[in-house]
Amino acid sequence: MLREHEFARRTETGIEIRPAAVRMRWELGEMATSDGHLARGNFSASVRALGEPTELKMLDEAILCSRAVATIADVAAYFAGAISGAARKFAGGAEAQSLLSDNGKQSLAAALMQAANAVAFACGIEILQPADVELDCPTLLRQRMEEMDRQAAQRRTAEQMEQLRRSAELFGQFQAIRTSAPELSPGQVLSRIGTSDQADVLRAALVASAKDGERSRLWAVAGNALVRIECSDSGRMEVFSVPENLGPMRSVRGDGAGAQLLGCQSGVIRFDASAPASAMEYRDPEAGSAQGFNAAVRMGGRIWATHGQAGLVCWDVDQGEKPVMAHRPGTSKMTGFSPRNLMRLDDRRLIFSSGGQLAIASAEGEISTLGGRAPADVAGIVVMGNRIVAALCDGQVCVWSGKNFGSECRQRRSGRIASAAMLPWMGDARILLATEDGPIVCVGADDELLTQYAGGYSGFRIVAASENAIAAVTADRQRVILWHPWDGKKPMGEVFVYGAAKHRVADVGFVPG
């Protein structure tokens, strides 16, 4: 009895053959088509030995020869040359796309059956249907994919060109309204644009603002390291050595003249990276906690700074040994006095928060509260011309008139807020909200448009912005993420500050120059 792999065997009484047909498969190899492609595939058919004496004799002479056994593989090899040759010949007269069609494969199968039958006729074997051809053509597939990519790229380009044309048209309308109604803020003008077009108009306006705006440098403080960050996809950093006499740094702000005001554990340092030897220290003997000064600004000839436990402190610019004025928690009339979010309101006034209360400090040091205490702590303050915007930790945004300090509105624009900052645009500003569980949210005081800045992280702790870039500190305070103001879909860069400073980021800020 024949074994599983045997096709015919010589015995003492003659030649034993497999009674049933055997399914065989031939690899066709590479076949060049008439249009220069390379196809490949395989051909399958059934093969059966014929039992008549004359046929058995031809099988013996052609395939068994002097061997005792002819295997299925021997039979397949005997036909392989004729089949592959016929396949190459047929493919050479057909284009790849035609060859791979159903009609093309059927015609090829018929041609291969004819070639196989010619061989079978002389070796006592019969080739039987069904005959199947499987084909593919990697070069044609690649050409099709490239063509699809090219068409998709052309569509994207056309769509982008149409979007640019449409954006330019809408931005022209935006500018025309501004020219005809100069009393309207950019946000009020934006609100008059169709809702579906507002995002495109804002994007175009942010691009124009970045092009015409003043360049600013981004600074970060981490431990005793002051880090200058390049706002680009490279995210290059430069670390500066700062005097450590006042302890680790907590905050960084510009002094209005190109230098940085660094809030430290027990005072403030005025530091100019271009002249580090000229660093000026402003000490506060009563600021001994680990919190540090959370903000410092210069107004006139004085440096003002806020500290959660030391209060509101003021030094003369040229005298840093001790404060000339200080409002301490123990002597303040404000309940639970713990100031933060200090910034200039105008040339003669400062604004800050303490818990949920806003307060104004005059150049002479007089403090007055603004409105009542909010239901949540203030996460950030934005001064927008003659208006004050306070972002509350519970997600509410409150707008106050800077003329009479009247409350204009209060809206909930996001989830819980960790930080807020101002994004300048077209001579006005939008408000950036670093939410505790989501992306950076961008809102306006005069319109309902809400946009986002996202990309791989959530729960940012600090946010800062200039007309050219937006920066946010990740929840673990190890990285600073950067965006172009007009593109919130993906960051333009990511900076691993912890790797350079060996400390977590305490604050970031943009300084003109």
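A few comments on the model shown:
- Scanning the stretch 37-53 for residues that are over 18 Å from Lys105 (Cα atoms) and either polar (S, T, N, Q) or not in a strand (DSSP E or B) (or both) yields a count of 4.
- Number of residues in the stretch 331-368 that are out of contact with any Lys or Arg (no Cβ under 9 Å at 6 or more places or on another chain) and of a type in the set (Val, Ile, Thr): the value is 1.
- The single condition among (1) closer than 18 Å to Leu262 by Cβ; (2) more than 43 Å from the chain's Cα centre (by Cα) that Met299 does not satisfy is (2).
- Among residues of the stretch 411-440 that are touching a residue at least 40 places away in the same chain (Cβ under 8 Å), those with a beta-carbon under 6 Å from a residue that is of a type in the set (Lys, Arg) at least six positions away or on a different chain give the pairs Ala418/Arg461; Leu423/Arg430.
- Check on Met24, assigned to a helix (DSSP H, G or I) and either in contact with a Pro (Cβ under 6 Å, 6 or more places away or on another chain) or in contact (Cβ under 8 Å) with a residue 12 or more places away in the chain (or both): no
- Residues located in the stretch 266-298, provided they are part of a loop (DSSP other than H, G, I, E, B) and touching a strand residue (DSSP E or B) at 6+ places or on another chain (Cβ under 7 Å): Ser266, Ala273, Ala279, Asp284, Ala287, Gln291, Gly292
- Selection of the stretch 454-472 for residues being under 21 Å from Ala390 (Cβ atoms) and buried (at least 21 other Cβ atoms within 10 Å of the Cβ) yields Phe460, Ile462, Val463, Ala464, Ala465, Ile470, Ala472.
- Of the strands (runs of 3 or more DSSP E) lying entirely inside the stretch 434-513, the ones with 3 or more residues being in contact with a Phe, Trp or Tyr (Cβ under 7 Å, 6 or more places away or on another chain) and under 25 Å from Arg412 (Cβ atoms) are found at 470-473.
- Qualifying positions in the stretch 58-71 - part of a helix (DSSP H, G or I) and not β-branched (Val, Ile, Thr): Met58, Leu59, Asp60, Glu61, Ala62, Leu64
- The listed residue being in contact (Cβ under 8 Å) with a residue 40 or more places away in the chain, among the acidic types (Asp, Glu) and farther than 25 Å from His5 by Cβ, out of Asp136, Asp74, Asp132, Asp60: Asp136
- Condition check for Phe337: without any contact (Cβ under 8 Å) to a residue 40 or more places away in the chain and either in contact with a Gly (Cβ under 9 Å, 6 or more places away or on another chain) or surrounded by 20 or more Cβ atoms within 10 Å (Cβ to Cβ) (or both): yes
- Of note, Ala220 does not satisfy the criterion of being of a type in the set (Gly, Ala, Ser), in contact with a strand residue (DSSP E or B) (Cβ under 9 Å, 6 or more places away or on another chain) and not in a strand (DSSP E or B).
- Annotation note: Cβ proximity below 7 Å between a residue of the stretch 497-513 that is surrounded by fewer than 24 Cβ atoms within 10 Å (Cβ to Cβ) and a residue that is assigned to a loop (DSSP other than H, G, I, E, B) and among the charged types (D, E, K, R) (sequence gap 6+ or interchain) occurs for Tyr498/Arg504; Arg504/Arg477; Pro512/Glu214.
- Given (1) touching a strand residue (DSSP E or B) at 6+ places or on another chain (Cβ under 8 Å); (2) at pLDDT 90 or above; (3) over 29 Å from Pro186 (Cβ atoms), index of the condition Gly254 fails: (3)
- Within the option set Leu246, Leu261, being at pLDDT below 95, of a type in the set (A, V, I, L, M) and either outside any loop (DSSP other than H, G, I, E, B) or crowded, with 21+ Cβ neighbours inside 10 Å (or both) holds for one residue only, Leu246.
- The criterion of being at pLDDT below 90 and either under 14 Å from Gln97 (Cα atoms) or of a type outside the set (Asp, Glu) (or both) holds for Met161.
- Members of the stretch 243-275 that are touching a Cys at 6+ places or on another chain (Cβ under 7 Å) and of a type in the set (A, V, I, L, M): Leu246, Met249
- Pick from the stretch 53-72, criterion loosely packed, with under 13 Cβ neighbours inside 10 Å and of a type in the set (Gly, Ala, Ser), ranking: modelled with the lowest pLDDT: Ser66
- Looking across the stretch 208-229, the residues that are at pLDDT below 90, surrounded by 14 or more Cβ atoms within 10 Å (Cβ to Cβ) and not polar (S, T, N, Q) come down to Ala208, Ala210, Gly213, Arg217.
The values are calculated or read from the model by the stated rules, or taken from the named source; none is laboratory data. Since we're looking at a predicted model, the values are computed, not measured. Every residue, glycine among them, receives a Cβ derived from its backbone with ideal geometry; neighbour counts consider all protein chains shown.
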